[in-house]
Amino acid sequence: MSASSDEPARTGEPAAASAGADDRVDLDQAVTRVEHELGRLFARIRVSWREAATTVHPDLQPLGYQVLTSIATGKATSAGAIIERLQTDKSAVSRHVRQLEQLGLVESVRDEDDRRARVLVATELAQERVALARSRYEARLGERLRKWSAEDLDHFADLLAAFGD
């Protein structure tokens, strides 16, 4: 809380310097709170990924779900693109792609643009399971967000966009 103009200046300390120190304390506390809330949010996101992975298949890990959704949405259809998108290592991606193939969720097919290359595609089963997992997640998220006003949601989206830049 910042010092009000009605308060006397502290002995030996100008009022402006005192207010500046209070502002720094307020800012530091606000930053700490944001860090704490981001930690809680990230933990909740990890739980959501785990739930989504289980919806697709009981043996699927959260990273496997992220690999699958990258393939299913067409945002990453090669191991290299998945590694880049998820910022993970080659062995983890290879292991999860192999598991996805064994579960009948992903197939490796010849690239139509470059017949020498292969691309990963999600099977119909994968598309159905990912759609189910996404619909459950979106329902939970929508339920929470619909408690807010459109103005608050717009402001929140603006703040998230600014934070992500």
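The values are calculated or read from the model by the stated rules, or taken from the named source; none is laboratory data. The structure presented is a predicted model; accordingly, all values stated were derived computationally and were not measured. Every residue, glycine as well, gets a Cβ built from its backbone with ideal geometry; the counts of neighbours run over all protein chains shown. Quick note on the areas: whole protein, heavy atoms, side chains included, nothing else; ligands and nucleic acids left out. Shrake-Rupley method; radii C 1.70, N 1.55, O 1.52, S 1.80 Å.
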Potential extension, residue 33-residue 116 segment - 0.36 nm per residue separation minus Cα distance = 24.7 nm
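In region 93-153, which trypsin sites (Lys or Arg not before Pro) are in a loop and have at most 10 other Cβ atoms within 10 Å, using DSSP for the loop call?
Taking region 93-153 and a limit of 10 other Cβ atoms within 10 Å, the loop trypsin sites (Lys or Arg not before Pro) found are 115, 116, 146, 147.
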Starting at the first residue of region 71-84, write each ³J(HN,Hα) from the Karplus equation 6.51 cos²θ - 1.76 cosθ + 1.60 with θ = phi - 60°, in whole Hz, x for Gly and Pro.
-> 6, 4, 8, x, 7, 7, 10, 10, 4, x, 5, 5, 4, 5
What dipole magnitude, in Debye to the nearest 20, does the chain give about its Cα centre under +1 on Lys/Arg Cβ and -1 on Asp/Glu Cβ?
-> 1080 debye
Filtering GluC sites (Glu not before Pro) in region 50-154 by DSSP loop and by at most 15 other Cβ atoms within 10 Å leaves 112
Percentage relative contact order, the chain, counting C-alpha pairs under 8 Å, at least six apart | 16 percent
For the chain, calculated [θ]222 nm from helices alone, where every DSSP H run of n ≥ 4 adds -39500 (n - 2.57) | -23000 deg cm²/dmol
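What does the accessible area per residue of the chain come to in Å², with a 1.4 Å probe and no ligands, DNA or RNA counted? Provide the component values of the computation, followed by the final result.
Details: 11750 Å² over 165 residues.
About 71 Å² of surface per residue is accessible.
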Considering only 22, 89, 59, give the residue with the highest GNM mean-square fluctuation for the chain, with springs between Cα atoms whenever their separation is below 10 Å.
-> 22
Which value, in Å² rounded to 10, gives the accessible area of residue 137 with a 1.4 Å probe and all protein chains present?
-> 70 Å²
Most mobile listed residue (121, 34, 25) in the chain, GNM with C-alpha springs under 10 Å | 25
Karplus-derived 3J(HN,Hα), 6.51/-1.76/1.60, for each residue of region 34-50, Hz, glycine and proline x = 4, 4, 4, 5, 5, x, 5, 5, 4, 5, 5, 5, 4, 5, 4, 5, 5
